[in-house]
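Some notes on the structure that comes next.
The values are calculated or read from the model by the stated rules, or taken from the named source; none is laboratory data. What you see is a predicted model; the values in this text were computed from it and never measured. Positions of Cβ are backbone-derived with ideal geometry, glycine not excepted, and every protein chain shown enters the neighbour counts. We work out accessible area using only protein heavy atoms, side chains counted, and drop any ligands, DNA or RNA first. Shrake-Rupley method; radii C 1.70, N 1.55, O 1.52, S 1.80 Å.
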Amino acid sequence: MRIFGLLDKESRLRYAVCFFVYAFSAMAFSFLDADTDLWGHIQFGKEIWEKGLISEFDSYSYTAYGFPWINHEWLTEVSFYLIYLYFDSTGLLIFKLIVGFSIVWLLSNFYFSKEKSLFIYV
């Protein structure tokens, strides 16, 4: 705690505001609700991983079965499948937290390189 005694009032305020932004982010990113498509993406990733190729035709759709399909999310789907395979849903939550905190960190650094207003930052 001695470090805070060495900082001026403005720096302490900035650290406090950043702490609350990250704490709010942790709360927001840790919700357990998932997009309903998540399990479909995990299944598509499993299929790609096991077959070793990306399907050119839609084999899951009820109305467009067999039609050409360009799966532009294949790398993310394989990543989600591997995370789920080895770390279960806890791994997916931790992955979401890492990505979320990385975005907050990048945006915070970008903001403070251009501006200094803590009110606008919050």
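General remarks:
- Identity of the residue in segment 1-60, among the polar types (S, T, N, Q) and closer than 28 Å to Val104 by Cβ, that ends up surrounded by the most Cβ atoms within 10 Å (Cβ to Cβ): Ser25
- Any chance Leu13 is touching a Phe, Trp or Tyr at 6+ places or on another chain (Cβ under 9 Å) and of a type in the set (A, V, I, L, M): no
- Residue ID - modelled with the lowest pLDDT, chosen from residues in segment 4-25 that are of a type in the set (A, V, I, L, M) and in contact with a Leu (Cβ under 7 Å, 6 or more places away or on another chain): Leu13
- Glu73 being of a type in the set (Asp, Glu) and open to solvent by less than 100 Å² (accessible area, probe 1.4 Å): yes
Matching residues to (1) farther than 30 Å from Leu118 by Cα; (2) part of a loop (DSSP other than H, G, I, E, B); (3) of a type in the set (Ser, Thr, Tyr):
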| site | (1), (2), (3) |
| --- | --- |
| Tyr15 | no, no, yes |
| Phe20 | no, no, no |
| Tyr62 | yes, yes, yes |
| Thr90 | yes, no, yes |
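- Taking segment 78-112 as the range and being out of contact with any Ser or Thr (no Cβ under 8 Å at 6 or more places or on another chain), open to solvent by less than 80 Å² (accessible area, probe 1.4 Å) and under 17 Å from Tyr15 (Cα atoms) as the test, the residues that pass are Ser108, Asn109, Tyr111, Phe112.
- Of all residues in segment 85-101, those satisfying the criterion of being within 8 Å of the chain's Cα centre (by Cα) and either without any contact (Cβ under 8 Å) to a residue 40 or more places away in the chain or at positive phi (or both) are Phe95, Ile98, Val99.
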